[in-house]
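Report on the structure given below.
The values are calculated or read from the model by the stated rules, or taken from the named source; none is laboratory data. Fair warning: this is a prediction, and the values are worked out from it, not measured in the lab. Reconstructed Cβ throughout: ideal geometry from the backbone, glycine too, with neighbour counts over all protein chains shown.
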């Protein structure tokens with residue numbers, strides 16, 4: 001327990017000092033929120049909609065922080081520590097792989113939640129955003145999406161043979177997901193064909209869930225995506241811990 | 001005597017290159033054991049196999065009576081390690097790395113006291129990357145001692161240290177030895193080996209060419225200094241004159 005708290009504190013400080021997770025995970029989503037707020041914020045989402053464009057996009061903006069921390073921050077830190085042989089030093093201490101991965105998981109979770117709180121504050125204070133749906137439902141969906149993205153990030157960190165591959169894999173998954181899932185480019189403005197393609201991305205499903213809960217619109221067939229996300233998360237984390245390498 | 005380390009028939013190759021060839025050795029508890037040899041003789045590979053960091057091709061290792069891979073978590077409560085090269089997280093400070101290392105163990109030493117012993121007390125707030133080579137080296141030895149280990153591995157413990165820092169490190173290791181710590185070290189400095197080691201083992205191309213008490217090995221050679229004897233054992237007495245440089 002002492003190891004967990006001390007390492008967590010240290011790694012959190014290092015992450016803040018490192019700046020990149022802070023910029024891509026926390027500042028960037030705020031910028032997206034501000035731009036969206038200025039450009040289309042108070043307009044209705046579509047002709048005759050009873051919610052604004054901002055309300056419709058809020059879930060998607062919140063997901064940017066999850067992706068930046070889970071698909072960049074988390075796997076790249078682990079790959080970097082392996083590359084620099086920092087994990088090799090931990091190898092000859094009593095620390096367990098699960099603890100090493102768990103600490104990076106929690107550090108990035110904290111960054112992601114910080115990002116969410118800031119985005120919420122920006123949207124509420126400057127653009128009159130109000131969550132019309134259930135906050136608890138939204139929080140549950142948020143954690144579910146986070147779990148699925150982070151477990152993917154952990155698996156990437158474990159299976160990448162070196163930092164170059166880790167970088168490449170993260171970019172290959174992160175950028176298409178960020179653009180086509182509706183996190184930055186609103187799903188609603190995409191052509192029908194692209195929407196269908198985007199539906200395969202797990203994040204698209206996640207964002208639909210976030211949108212639905214934040215708007216309070218009825219969710220259809222919610223059970224199936226939830227079961228799939230949880231099952232995938234369990235498998236990915238299992239693979240991550242099993243294939244974890246110190247060097 | 002109780003054994004701190006037993007190595008039986010350790011072999012490790014990289015492709016066609018044999019790095020360690022049939023290494024057999026035993027280190028008793030409370031002993032200071034030196035593993036010597038030129039660069040590339042297989043010292044670091046041997047240590048990494050002993051610690052379970054590298055997988056040996058064959059052979060058996062007992063570290064404090066345990067298996068370094070299977071009993072890893074238990075074992076490394078009591079075994080400290082300084083690798084030849086150590087890297088640390090970017091932008092981490094001296095105090096932070098000490099505190100983090102300290103937190104990993106159940107019964108560690110007081111790291112603030114260790115910082116004083118190693119003359120790093122003033123540098124607590126500096127980041128590790130701001131330290132000089134010698135300061136970093138002292139830090140890596142210090143971190144190996146944080147667990148308050150029964151057995152410590154020091155791979156080239158004083159490389160890059162100035163004369164005073166070297167002497168300070170020796171004095172502290174002698175103190176630890178008098179308290180019963182077992183020390184396994186590698187070094188290129190024969191004065192250091194003579195000052196610290198009870199027994200030594202000389203490796204050449206992965207094989208043992210001499211092993212025994214320092215005095216015995218000198219007596220068995222035609223020379224009366226360890227440095228000359230070492231070069232004689234490794235078959236390179238001709239290089240004695242050049243090697244005088246390295247002592248400075």
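Observations on the model:
Conditions (1) under 29 Å from residue A:97 (Cβ atoms); (2) touching a helix residue (DSSP H, G or I) at 6+ places or on another chain (Cβ under 8 Å); (3) at pLDDT 90 or above, marked per residue:
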site: A:140; (1), (2), (3): yes, yes, yes
site: A:150; (1), (2), (3): yes, yes, yes
site: A:163; (1), (2), (3): yes, yes, no
site: A:181; (1), (2), (3): no, yes, no
site: A:189; (1), (2), (3): no, no, no
site: A:195; (1), (2), (3): no, yes, no
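- When residue A:30 is tested against (1) more than 23 Å from residue B:89 (Cα to Cα); (2) at pLDDT below 95, exactly one condition is not met: (2).
- Residue among A:77, A:93 that is within 14 Å of another protein chain (Cβ to nearest Cβ) and free of Cβ contacts under 8 Å to residues at least 12 places away in the same chain: A:93
- Candidates A:153, A:137, A:133: the one that is assigned to a helix (DSSP H, G or I) and surrounded by fewer than 23 Cβ atoms within 10 Å (Cβ to Cβ) is A:137.
- Residue match in region A:48-60 (condition: out of contact with any strand residue (DSSP E or B) (no Cβ under 7 Å at 6 or more places or on another chain), surrounded by 20 or more Cβ atoms within 10 Å (Cβ to Cβ), part of a helix (DSSP H, G or I) and without any contact (Cβ under 8 Å) to a residue 12 or more places away in the chain): no
- Considering (1) under 13 Å from residue A:114 (Cα atoms); (2) more than 14 Å from chain B (Cβ to nearest Cβ); (3) in contact (Cβ under 8 Å) with a residue 12 or more places away in the chain, the lone condition that residue A:22 does not fulfil carries the number (2).
- Screening B:186, B:182, B:158 for residues that are buried (at least 18 other Cβ atoms within 10 Å of the Cβ), at pLDDT 95 or above and touching a helix residue (DSSP H, G or I) at 6+ places or on another chain (Cβ under 6 Å) leaves exactly one candidate, B:186.
- When restricted to residues that are in contact with a helix residue (DSSP H, G or I) (Cβ under 6 Å, 6 or more places away or on another chain) and closer than 15 Å to residue A:138 by Cα, region A:226-238 contains 0.
- Number of the condition not met by residue B:164 [criteria: (1) out of contact with any helix residue (DSSP H, G or I) (no Cβ under 9 Å at 6 or more places or on another chain); (2) assigned to a strand (DSSP E or B)]: (2)
- Yes/no for residue A:115 being buried (at least 21 other Cβ atoms within 10 Å of the Cβ), in a helix (DSSP H, G or I) and either at pLDDT below 95 or within 14 Å of chain B (Cβ to nearest Cβ) (or both): no
- A single entry from A:63, A:45 fulfils the requirement of being under 17 Å from the mean Cα position of the chain (by Cα) and more than 14 Å from chain B (Cβ to nearest Cβ): A:63.
- Taken residue by residue, region A:26-42 has at least one member that is more than 14 Å from chain B (Cβ to nearest Cβ), in a loop (DSSP other than H, G, I, E, B), in contact with a strand residue (DSSP E or B) (Cβ under 7 Å, 6 or more places away or on another chain) and surrounded by fewer than 23 Cβ atoms within 10 Å (Cβ to Cβ).
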